[in-house]
Amino acid sequence: MSTTGAPRGLERRLFETLLSGEWIDAHDNLAICGPTGIGKSWLACAIGHKACRDNRSVLYVRFTRLLDELALARGDGRIANRLKSLASVELLILDDWGLQPLDAQARHDLLEILEDRYGRKSTIVTSQLPTASWHHAIGDSTYADAILDRLLHNAHRVELEGDSLRRTKASISD
């Protein structure tokens, strides 16, 4: 298996396919999982930057911050507009999914976002949790089934592995 850069388990052919953007045209999703510091966010942003250069609209947001933004938008009456803007962007990058348990409102909001995007737009989700743990992390089995069906049914999956690149970089500079 040929890899790019550090031996993280990323096949060069898959990386090139993701950069081509055909999966975005097909309205597929992408799940990038792996331990902290392995390069999930970097990879998602690299794909997002390439999509921007290809004249696609892209929005990057850390998932926990998005939940906070949605709570504020709900409080001041902007929630419909915020959900509409999330539905319209061609590539939505949700970074660091699964860092905190989802409450009922967060589950509902995530389902709404993914329902609006399913089959129409593409979403990248990065997570330290393996996809097999996502059902449990969502908390409610009915919501988990619905969310994961819309997110993973048509998703390319990248499982990165190895040591933190931050630790590697720190030990090189010591």
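The values are calculated or read from the model by the stated rules, or taken from the named source; none is laboratory data. Note that the structure is a prediction, hence the values are computed from the model and not measured. For neighbour counting, all protein chains shown are included, and Cβ atoms are generated from backbone atoms with ideal geometry for every residue, glycine included. Only protein heavy atoms, including side chains, enter the accessible area calculation; ligands, DNA and RNA are left aside. Shrake-Rupley method; radii C 1.70, N 1.55, O 1.52, S 1.80 Å.
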Checklist entry - To the nearest 10 Å², what's Thr123's accessible area with a 1.4 Å probe? => result 0
Checklist outcome for this item: The size of the Cβ-based charge dipole (Lys, Arg +1; Asp, Glu -1) of region 46-122 about the Cα centre, to the nearest 20 debye, is 300
Next on the checklist: Please report the antiparallel percentage of the DSSP beta bridges confined to the chain, to the nearest 5.
Outcome noted: 5
Checklist entry - Mind listing the phi-derived Karplus ³J(HN,Hα) values for region 26-31, rounded to whole Hz, using 6.51, -1.76 and 1.60 with θ = phi - 60°, and x for any glycine or proline? => result 7, 6, 8, 10, 9, 10
Checklist outcome for this item: Lys pairs in the chain with Cα under 18 Å (8 or more apart in sequence, or on separate chains) total 4
Checklist outcome for this item: Rounded to the nearest 10 Å², the accessible area of Asp103 using a 1.4 Å probe with every protein chain kept is 90
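I'd like the GluC sites (Glu not before Pro) in region 93-169 restricted to DSSP loop residues with at most 16 other Cβ atoms within 10 Å, sorted by number. Each step should come with its number before you reach the end.
Values: sites: Glu112, Glu115, Glu159, Glu161; in loops: Glu161.
Qualifying residues, ordered by number: Glu161.
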Checklist entry - Under a 5 Å amide H to amide H cut-off, with H placed in plane at 1.01 Å, what residues pair with Val125 once short-range neighbours are removed? => result Leu30, Ala31, Ile32, Leu94
Next on the checklist: Give me a comma-separated list of calculated 3J(HN,Hα) values for region 87-102, in order, Karplus coefficients 6.51, -1.76, 1.60 applied at θ = phi - 60°, integers in Hz, x for any Gly or Pro.
Outcome noted: 6, 8, 5, 5, 9, 9, 10, 9, 8, 6, 6, x, 6, 9, x, 8
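Mind checking the dipole of the chain: about its Cα centre, +1 per Lys or Arg Cβ, -1 per Asp or Glu Cβ, Debye to the nearest 20?
Numbers: 22 positive and 24 negative charges, 95 e Å.
Dipole size: approximately 460 debye.
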Checklist outcome for this item: Rounded to the nearest 500, the 222 nm mean residue ellipticity computed for the chain from DSSP H runs (n ≥ 4, each -39500 (n - 2.57)) alone is -15000 deg cm²/dmol
Checklist outcome for this item: Expressed to two decimals, the chain has a Cα Rg over Rh, using the Kirkwood radius, of 0.97
Item to check | Residue-wise HN-Hα coupling along region 58-72, computed from phi with Karplus coefficients 6.51, -1.76, 1.60 (Hz; x: Gly, Pro) | outcome: 9, 10, 9, 8, 6, 4, 5, 5, 4, 4, 5, 4, 5, 5, 5
